[in-house]
Every structure is written in C-alpha cells, then in structure tokens.
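Structure first, commentary second.
Coordinate-derived values only; no laboratory data. Keep in mind the model is a prediction, meaning the values are calculated, not measured. Here the Cβ positions follow ideal geometry from the backbone for every residue, glycine too, while neighbour counts run over all protein chains shown.
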Amino acid sequence: MDWGMQHRLANIIPRETGRTVMLAVDHGYFLGPTGGLEEPQKTVTPLLPHADSLMLTRGVLRQCIDPRSRVSIVLRVSGGTSILTELSNEEITVSIEDAIRLNVSAMALSIFVGSENERRTLANLAKLVDMGEQYGIPVLAVTAVGKDMQRDARYLSLCCRIAAELGARIVKTYFCEGFEEVVGGCPVPIVIAGGKKIEERAALQLAHDAVSGGALGVDMGRNIFQSDNPVGMIRAVRQVVHEHKTPDEAFRFLTGLRGAAA
Ligand code: 5RP
C-alpha cells in the first residue's frame, strides 16, 4: 500500500488503539435538515475534538467546519436522491479533484444491494475506487441504507463482501445478530452505523457489541448528535471503543456528567 493511502487510513484509525470513532453528520444529503443538524456548525463544533473523523458532505464541510480543525474528513461523495423518491438512484456527486482540494482522508459512497439500482451503485463504487486508488484516497462503502432493507447477517454479509471485493478499504454497515459472520466474511475493516436514536445505554451496548464482534469501531450519527448531551455521549462512546470500558461504566460516566451539571 502506498504511503498516501496508509497515511490517510491512519488519519481515520488512530494507531494507539487501532479502533475508530467516526462522527457521521451527512444525513442532510438525502434527509434535509435532520433533527439535531438544523445548524450543523453549532452541533458539530463542540464534538470535533472527540471524533477521530467527520463524515459529511462538501457543502457542510465548506460552510460549517473550521479549516483549522485537525479532524480527518470522510467526504460523502454519493447522492442525488431525496427521502421523497427512490433512495438507491444515486450518482457520484463529487469529482476526485474536489476531494483532493478538500484534503479528505477518505471518500464515502452508498451501495444498494438488492435494490432496483444495485448495478448502478456497484458500478459507482468500482469507478470511485479506481479514482481513489489513483491518488491514494481510500473509499468507504456504506451498505444497507433504506427502511426496507433486511439487515440480517446473511444480507449484510453479502453487501459487505461485495463492497470489499469491489475495492472498498472500509465498509460501513449495521450491527445484527450473528455479526461475527459478517465480519468474518469481509476482508476489510467494518464500522457500524448507529441507526435511529435509541436510549443511550442501549447505544453504548451496540457500540460495545460491535467492537467485541470484530468491528473496527463506529460511524455514529443520530445517537450522538440527537442525545441531550452530545459531547458526553461521544466521550462515552470513545470509552467503549478506545478504552474497552463496559457499557455500564460508560453510561455511569455519562449520567455522572449530567449529575455534575445539575
Ligand atoms: C446514511 C449514512 C449515515 O451517515 C449513517 O446512517 C450514520 O448515521 P446514524 O448513526 O445516524 O445511522 O451513511 O447513508
């Protein structure tokens, strides 16, 4: 692997633990002003020191993120659809030149295996990998987005393996029963999405189960920025992912912060 590719991956995965806490705030690219991200700058700025990387679109990056920030950028480069239409009908929405200009550490794109646009999104991934590899920029493939997706081990194994076979350097998917099977069948590291907002103790359990099951870490959004204490929550997630704390220990930390603030 070339130095540039290795360096960018190391920007996302701190070598001290070999795990990662990615903060996903790209939801607006098809959901519009998602709850908690109506004013991205206000929400994201206090979280930046606690995130190993930030996953977002170029519009929000340019308008809302201080370029002096040291956070690594995972740029969402697929889109072109909205929640009102067929989500899987995506295109590559950013040129490789713009990704380079933005000094990104990775580019992220969704694939929709089993959807009517499966072929198009897999071809998008292959094209993006070709461009990324040419310049040493890793591609993160996002699988299983959409409310009708099965999200069981059989389906997620299929998606993740295809993403890796097409050249993704990291795959983002969902946690499921039998997650070890998904990890075992995927030759590149996996990070998990948090999904819809759930109770904080349960979200910490999810992060714990994912890393215990072999995930590289989390690429979590709503369960952090929709928490009533987003900074406390990302710090608690870091304790689980990087410090091997139990969900109970991390939750006690989080509730302790609330108690101290009261
Ligand atoms: C959607 C995405 C989001 O970044 C992803 O869903 C992660 O956020 P959350 O933890 O809120 O599910 O990739 O395509």
Original post:
If eta is 1.567 mPa s and T is 4 °C, what Stokes-Einstein diffusion coefficient results for the stretch 209-262, Kirkwood Rh from Cα pairs, in µm²/s?
Top reply: 113
**OP:** Could you give the C-alpha radius of gyration of the stretch 3-261 expressed as a fraction of 2.2 N^0.38 Å, taking N as the number of residues it contains?
**Re:** 0.94
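Ordered by packing density, taken as the mean number of other Cβ atoms within 10 Å over each peptide's residues, highest first, how do 131-137, 223-229 rank?
223-229, 131-137
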Original post:
Among the GluC sites (Glu not before Pro) within the stretch 174-262, which fall in a DSSP loop and have no more than 15 other Cβ atoms within 10 Å of their own Cβ?
Top reply: E177, E199
Subject >> Cα gyration tensor category, rounded, prolate or oblate, for the stretch 70-153 with a/c compared to 1.5 >> reply: prolate
**OP:** Kindly provide the helix-only [θ] at 222 nm of the chain, computed as the sum of -39,500 (n - 2.57) over DSSP H runs of four or more divided by all residues, to the nearest 500 deg cm²/dmol?
**Re:** -12500 deg cm²/dmol
Original post:
If contacts are Cα pairs under 8 angstrom and at least 6 residues apart, what is the relative contact order of the chain in percent?
Top reply: 17
Subject >> the stretch 30-106, dipole about Cα centre (Lys/Arg Cβ +1, Asp/Glu Cβ -1), debye to the nearest 20 >> reply: 340
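Provide the percentage of antiparallel DSSP beta bridges, counting only those with both residues in the chain; round to the nearest 5.
Values: 2 of 29 bridges.
So the antiparallel bridges in the chain amount to around 5 percent.
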**OP:** Name the lysines eligible as straight-distance cross-link partners of K42: C-alpha to C-alpha under 30 Å, and not fewer than 8 places from it in the same chain.
**Re:** K147, K172, K196, K197, K245
